[in-house]
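Notes for the one structure printed next.
Bear in mind that the values in this text are calculations on the coordinates, not laboratory data. Fair warning: this is a prediction, and the values are worked out from it, not measured in the lab. Backbone-built Cβ (ideal geometry, glycine too); neighbour counts: all protein chains shown.
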Amino acid sequence: MTIPLQARGVRRTFRRPWRRIPVVAIAEATFELEESEIACLIGPDGAGKSTLLSLAAGRLRPDAGSMRIDGQPAHTAGARRAVGLAPRDPAFPPGLRVRDVLSYGARCHAGGRQRRAAVDEALDMAGLPSLAGRMATALSLPDARRLLLALASLGAPRVVLLDEPFAGLDAVTRRDLGARLQRLAASGVTVLLSSSDPIGLECLVDTVLVLRAGRLTQVAPAAALLGGRVLEVVLDAPPREPPPGFRVTAAGLETDLGPLSAEAALATCRAHRLAVRGSRVRFKTMEEAAFDAADVLAR
Amino acid sequence: MPPYWHVLFLRRVLAEFPLLPWRVARTRLGLWLALLFVGLARLAGGETDPAAVAVLAGTMGAVVCVSGVAGSAADRAALTHRLLQPTTPIALAAGRWLAAAGGAAALVAGVAGYAACTTRDGPGAVGAAAAGLTAAAAVSAVVLPLVWTGGNALAVLTFAWLVLVSAMPPEAVIGLGRGGALAVFGASVLEVGPAMWRYRGVAAGDLGAAAHAAAWVGLGLGIAAWRAARLGARRL
């Protein structure tokens with residue numbers, strides 16, 4: 001069985017005609033994604049997430065290194081049939097209903113009955129059967145995002161790439177879209193999504209890829225990256241100066257526990273004569289993991 | 001086993017064709033084509049040369065259909081997304097050309113058929129239809145890269161040029177402009193580019209005019225594919 005998505009030493013620069021020095025979009029990226037894996041590419045705007053997705057989709061070719069889909073270079077016709085990409089901003093041809101948009105896309109993959117079956121399957125997967133007759137250009141953002149997901153999943157791809165699929169969505173829609181992505185992955189599809197705002201992705205992704213300034217700084221299982229414990233301490237009033245290692249929050253203080261026990265950290269608070277009203281230990285969020293990765297690089 | 005490459009290519013070309021019926025049924029394209037048919041049928045029913053009317057139908061229909069299936073800003077924005085599907089810029093360009101030329105061909109067939117029924121000139125109508133189809137093919141291929149570059153504004157300018165000026169042969173334009181630089185430039189464009197005066201000759205068996213149209217189809221599709229690739233390579 002071939003690896004669905006494999007990047008080895010990928011580098012990509014853009015040369016502007018009026019600038020002598022090329023802009024490095026991706027300095028180095030090496031990673032592999034397995035079948036049914038959901039991976040999230042996190043990093044700030046301009047980190048190179050969309051470029052990396054474009055390289056994986058075969059829209060761009062790497063200057064150095066190799067990007068392979070299903071064992072084939074990503075820009076080849078065979079690889080492009082095995083990958084679906086949902087861009088961030090929806091843009092559908094005018095005058096087409098939701099079913100027409102999918103049928104129009106599916107015509108590049110199959111004909112006749114197979115095409116109709118593929119359209120019905122994509123509608124079901126994205127939860128769009130009730131909107132099949134609506135004009136695609138009149139869809140709300142959440143529905144348009146689901147239609148983009150349906151388009152990307154046409155033709156039974158091995159890898160689905162999604163550029164900022166949760167941007168601008170409310171919590172309920174994010175959870176619904178996340179559940180659909182999990183079902184898609186469970187059917188054997190590898191999912192790579194990018195996000196500059198990773199809130200709430202903890203329970204969705206298996207692997208986290210941290211990208212900063214074009215460099216893949218961390219590729220780790222989400223469980224390992226998010227495994228760090230955080231102690232939250234509720235105080236009567238915020239302290240003038242937090243104890244060493246603590247951060248001031250709206251409710252009081254918080255600290256990364258690391259190897260310390262919660263009791264030892266609370267003892268530090270008491271030693272600083274802080275009136276502790278309550279405390280709890282939680283795991284790190286994806287957002288905190290992203291901040292940590294950024295801090296490590298900055299140092 | 002995957003189909004052969006030429007079957008895949010043909011599938012991708014034909015994948016663009018349904019845009020025409022969808023747009024005819026749901027946008028103003030259908031209304032425009034109906035209005036053109038009514039006007040041109042009245043013209044064909046009179047004393048006008050059937051070949052001239054058929055070429056006019058092919059030219060006008062081609063510009064209107066290209067504008068309808070490819071010219072809007074939303075259509076151009078959607079090209080980037082379209083090329084995310086397993087298709088190629090040349091298949092995309094060929095498919096859109098086929099859709100636009102197909103719409104214009106239907107208009108030509110309608111007008112030529114009406115002319116044949118009302119003027120009792122059956123054989124003449126066949127030649128006129130051939131001239132109209134030639135004009136439709138060439139004009140669609142030329143207008144497609146223009147609308148992918150400048151949108152429907154360029155389609156309007158091309159429509160005005162083709163309908164108002166291109167019926168005149170180059171010599172007439174030079175005579176009209178008294179040999180001025182502008183007249184020479186206009187005459188050169190009429191000589192080289194697709195023009196109604198040239199394609200009328202197809203009705204009389206002018207193979208040179210047909211070859212001229214074929215050359216413009218090839219060149220137009222090549223430029224359109226290049227434009228599609230450029231639009232498709234834009235940042236997502």
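In chain B, helices alone account for a calculated mean residue ellipticity at 222 nm of -26500 deg cm²/dmol, with every DSSP H run of four or more residues adding -39,500 (n - 2.57). With contacts taken as Cα pairs under 8 Å at a separation of at least 6 residues, segment A:5-222 carries a relative contact order of 30 percent. Two tests apply to each whole DSSP H helix in chain B, Cα reach of 20 Å or more along its axis and mean Kyte-Doolittle hydropathy of at least -0.5, and the ones passing both are B:28-45, B:50-70, B:89-119, B:122-160, B:207-232.
Site pair B:Thr118 and A:Ala251 shows an inter-label distance of 8.2 nm when each label is modelled 7 Å from Cα along Cα→Cβ. The label point for A:Ala132 and the one for A:Arg15, both projected 7 Å from the Cα toward the Cβ, are 5.1 nm apart.
The alpha carbon gyration tensor of segment B:51-155 gives principal lengths a ≥ b ≥ c with a/c of 1.5 or higher and a/b greater than b/c, which makes the shape prolate. Rounded to the nearest 0.05, the FRET efficiency derived from the C-beta distance between B:Phe17 and A:Val23 at R0 = 45 Å is 0.65. Working note: 222 nm ellipticity from helices only, DSSP H runs with n ≥ 4, each -39,500 (n - 2.57), summed and divided by the residues of chain A, gives -9000 deg cm²/dmol to the nearest 500. Per-residue extension of 0.36 nm, minus the Cα-Cα distance of A:Ala275 and A:Val172, leaves a gain of 33.3 nm for this segment.
From least to most packed, judged by other beta carbons within 10 angstrom and beginning with the fewest, B:Tyr4, B:Tyr114 follow the order B:Tyr4, B:Tyr114. Considering only B:Ala183, B:Ala167, B:Ala44, the Gaussian network model of chain B with Cα springs below 10 Å gives its largest mean-square fluctuation to B:Ala183. Under the combined filter of DSSP loop state and at most 16 neighbouring Cβ atoms within 10 Å, segment B:74-125 retains these trypsin sites (Lys or Arg not before Pro): B:Arg120.
Working from Cα pairs under 8 Å separated by at least six residues, relative contact order for chain B is 27 percent. Between A:Asp236 and A:Phe283, the contour length at 0.36 nm per residue exceeds the alpha carbon distance by 14.5 nm. Fewest neighbouring Cβ atoms within 10 Å first, the residues A:Lys49, A:Lys284 line up as A:Lys284, A:Lys49.
Here is the result for segment B:12-60: no trypsin sites (Lys or Arg not before Pro) lie in DSSP coil with at most 14 other C-beta atoms within 10 angstrom of their C-beta. Considering all different alpha carbon pairs of the protein assembly as shown, the Kirkwood hydrodynamic radius works out to 26.7 Å.
Fully extending the segment from A:Glu35 to A:Ala267 would add 78.9 nm, taking 0.36 nm per residue of separation and subtracting the current Cα-Cα distance.
Here B:Trp226, B:Trp22 are placed in order of increasing Cβ neighbour count within 10 Å, fewest first, which gives B:Trp226, B:Trp22.
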